[in-house]
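The values are calculated or read from the model by the stated rules, or taken from the named source; none is laboratory data. Keep in mind that this is a model prediction, so the values were computed, not measured. A quick note on method: Cβ atoms are made from the backbone with ideal geometry, for glycine too, and the neighbour counts reach across all protein chains shown. Only protein heavy atoms, including side chains, enter the accessible area calculation; ligands, DNA and RNA are left aside. Shrake-Rupley method; radii C 1.70, N 1.55, O 1.52, S 1.80 Å.
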Amino acid sequence: SSVTAEVRNKQLDCLARNIYYEAGNQPFEGKVAVAQVTINRAESGQFPKDICQVVYQKNIVYDKVICQFSWFCDGSSKVRPIYPAHWKESEEVAKKVLLEGFRLPSVKNALYFHADYVKPQWGKPQVAKFGRHIFYAEKL
């Protein structure tokens, strides 16, 4: 692989941050599913190919900046992780998913998720629910 240790460490950090801010207080499976969606996006051809670019991707819709992951736009990204146990587990999950290839079969095609209190009306097939997140594929 042409991925250097420096690049891999940056990818791990970006992935761990996304896990922490999206699912830090969620069960292990929820953390894995968020990591998997992030990687699925990078591998899909529909999003940037780099994990960090996927995590920090912004779109402009009707002159409004929209982040793919809400924590990046809502200011959370400016705050260091404050729950050490959640951060440590987020780092461990990032390593397990990115470096060891650990996957949950139910979210192998998932590209999207949202909190269970959000009702986006996406019309995409729901493939799993872990903790407070519902996961979707583009199509089955």
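Counting only residues that are modelled with pLDDT of 75 or more and open to solvent by 70 Å² or more (accessible area, probe 1.4 Å), how many does region 65-85 have?
6
When you look at Ser90, is it closer than 18 Å to Gln26 by Cα, of a type in the set (S, T, N, Q) and open to solvent by 70 Å² or more (accessible area, probe 1.4 Å), yes or no?
no
Return the only residue of Val54, Val7, Val34 being free of Cβ contacts under 8 Å to residues at least 60 places away in the same chain, part of a helix (DSSP H, G or I) and open to solvent by less than 60 Å² (accessible area, probe 1.4 Å).
Among Val54, Val7, Val34, only Val54 is free of Cβ contacts under 8 Å to residues at least 60 places away in the same chain, part of a helix (DSSP H, G or I) and open to solvent by less than 60 Å² (accessible area, probe 1.4 Å).
Would you check which residues across region 100-129 are of a type in the set (A, V, I, L, M, F, W, C) and in contact with a strand residue (DSSP E or B) (Cβ under 9 Å, 6 or more places away or on another chain) and list them?
Selection gives Leu104, Val107, Ala110, Leu111, Phe113, Ala115, Val118, Trp122, Val127, Ala128.
Out of everything in region 104-130 that is aliphatic (A, V, I, L, M) and without any contact (Cβ under 8 Å) to a residue 24 or more places away in the chain, what residue ends up being least open to solvent (accessible area, probe 1.4 Å)?
Filtering first and then ranking leaves Ala115.
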